[in-house]
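We did not get these values from a lab; they are worked out from the coordinates using the rules stated. Remember, predicted model here, so these are calculated numbers, not experimental data. FYI the Cβ positions are ideal-geometry reconstructions off the backbone, even for glycines, and counts take in every protein chain you see.
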Amino acid sequence: MQNDDNQNSNRNENPEGNSVNWKFIVLLFIALSLFALAMATRNGGFNDRKALTYEEFVEKANAGEIVIDKERKPKAYDLIVTQSEASRGNTVEGYYRQDGVDKNGEPLGAQAFWAPIRLDLYKDEFKQLLADNDLTLTNTPTRREGFGTMMMMYVPFFFLIILLIIFFRHQLKSAGRGAMSFGKSKAKLMSMDKNKITFKNVAGVEEAKDEVWEIVEYLRDPKQFQRLGGKIPKGILMVGPPGTGKTLLARAIAGEADVPFFSISGSDFVEMFVGVGASRVRDMFEQGKKNAPCLIFIDEIDAVGRHRGHGLGGGHDEREQTLNALLVEMDGFDTQEGVIIIAATNRPDVLDPALLRPGRFDRQVTVNLPDVNGRAEILKVHANKIKLAEDVDLEVVARGTPGFSGAELANLINEAALLAARKGLNAVTLPELEEARDKVRWGKERRSLAQSEEEKEKTAYHEAGHALLGMLVDHSDPVHKVTIIPRGPSLGATYYLPEDDKNTLYKKWCISRLILTMGGRVAEQLVFDDYANGAAGDIQQATSLARQMVCKWGMSDELGMVEYGEGQEQVFLARDISSPRNYSEATAQKIDAEVKRFIDEAYDEATRLISENMTTLKVIADALIEYETIDGSHMAEIMEHGRIINPPTRPTPPDLPAEDEKPSGSEKKKPTDEEGGDFPGDLAPVGA
């Protein structure tokens, strides 16, 4: 759809096609030819004559080398003096004899020459020279630099000027593409004739669809809202994490509303020239007013809508000038009705407050991550594009993908289709969907990674410690799967799958999560009396969770319900670097002490639980060494019967990769502590 629009716009911008370029080339060639001809004739036609000084002419005249032959045909050997009226300069022109032979042995002929002479200084001397050597002048013509000569000298310059004027006029006519169209808006008028997207193609964001549906209804029937004096919002700001479908929702609005729809990115306003952004904003609204009522969609508006006054270094900020122009156009003295702005961003915390006030962006639509029902609907929308097996229940896949965005779910369906095609299946089945889910979230399995038996055993006990605590600790999510197959950057992982989507986190759940993260390190310490850098990811997660419990959620009895810090989840360096810390050094020490207390207590509790269940820990580790992957049902059998009743299928060796897919030597080295350790993110709740 967009490619067709671009081609049509290109044809409109250049209606003459390639003929304009050919005309320019021909005109340039003619101009250069005339310029070269003017340069060639400007020296008086002396290109075929040898230049001599006046002294050299005198020497040749005294030596009798000057040749005069008036009868020679077709061109006589004459000695003449020419004079230029413009420069008052005189020139002696003639021929002198050359001694010697050429390459063929023939004697050399006469050589034409010219020499400058100042007759006002050497007139008498020149007459005496001619008389002494029996030389006579044929004539003394005057070179008149008249109209023809002037034309040959100056017409090429005028021709080049005209050529440049034609060139720049052509550029000015090129809308948005010429050299002088920096201030033109780059907004594209979307055509919805083909591949039309409507609200039927958008799932999982029902509340957001209801919010923006009012815009569509207003554009279709304005009188319905105007009869009670209501006004439609001038601007709608869609806010949400990446991949939740903000841009897709805007395209659906364009598909539903039968009005012109302009699309532009926030970065399109920023250019290398100062003032271009503000000019493009004004031009964009001018286009909108001409097509009112219309919709203008600005994607990633945080590129130009950042908070003013937080620029590092001072000086004039081009973005601030662009933002000022946007603020004036949206709600200034000369505001026109009928132009509705829809913007999208995933960083609302950095936007300028003046941009968010009523009258500009009157309404903020939050596009959150979909819940379990929304994920099922999104999966159904994307599953229509692939061949799915009849026994596949997308509700099960939706329950197993908490925290997935719409973009991740679309990628999951695509990866499952590719995986089924590689296996030669006729349809996508549930195992392919589960494998695609793990690949999208945690990376592809690396079965070919070389590991020693000792390293494999330590990895098994590390993951067994996590899994065992997952079965023993209260208020924790159920264990979904435990594996020692390397996937992504980790050598093994324990996955916990919540039964329902969690919208709130309670203190007991957070403490249970801290205990779970300690399981791998505790198991290594108790079994091997040593530990590796594999717990780097566990430590990072535990520290982050404990600090949020203390500083943001008020879960510390020592520090109480006080928020320490500005509460900004995302960093805005220009703002945060100038904001002083809102607590004292003594309070900072208490915060560090409380964070350490939470982690130490969790470590002690994990040590107690694993010490009391060492036999079960060994059974889980042996099962991992034998089967490499066990799921939650196998864990339940171990906890109840002390062994696996229904063992999983034994792992099959991986297919040999193609020559271009063989792992390089760098993939076989063990990750360092700086790279996140062996188990970074292995305890991260799915979707966190």
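Near ASP69, within a Cβ-to-Cβ distance under 12 Å, what is the net charge of the other residues, with Lys and Arg +1 and Asp and Glu -1?
Details: positive: LYS70, ARG72, LYS73, LYS75, ARG97; negative: GLU71, ASP78.
Once positives and negatives cancel, what remains is +3.
Whole Å is fine, so just give me how far the alpha carbon centre of segment 107-141 lies from that of segment 330-397.
Here the two parts' Cα centres lie 94 Å apart.
So how much slack lies between ASP557 and GLU395, counting 0.36 nm per residue of separation and subtracting their Cα-Cα distance, in nm? Don't skip to the answer; put the middle values down first.
Values: separation 162, 0.36 × 162 = 58.32 nm, distance 4.14 nm.
Difference between extended and current length: 54.2 nm.
Once you've got the Cα coordinates, tell me which of LYS209/LYS552; LYS200/LYS231; LYS60/LYS123; LYS209/LYS246; LYS481/LYS618; LYS75/LYS123 are over 21 Å apart.
Too far apart for the 21 Å limit: LYS209/LYS552; LYS200/LYS231; LYS75/LYS123.
Tally Lys/Arg at +1 and Asp/Glu at -1 over every other residue whose Cβ is under 12 Å from the Cβ of TRP509; what's the total?
Residues near TRP509 contribute +2 overall.
Would segment 357-492 count as rounded, prolate or oblate if I go by the C-alpha gyration tensor, calling it rounded below 1.5 in a/c and otherwise prolate when a/b exceeds b/c, oblate otherwise?
oblate
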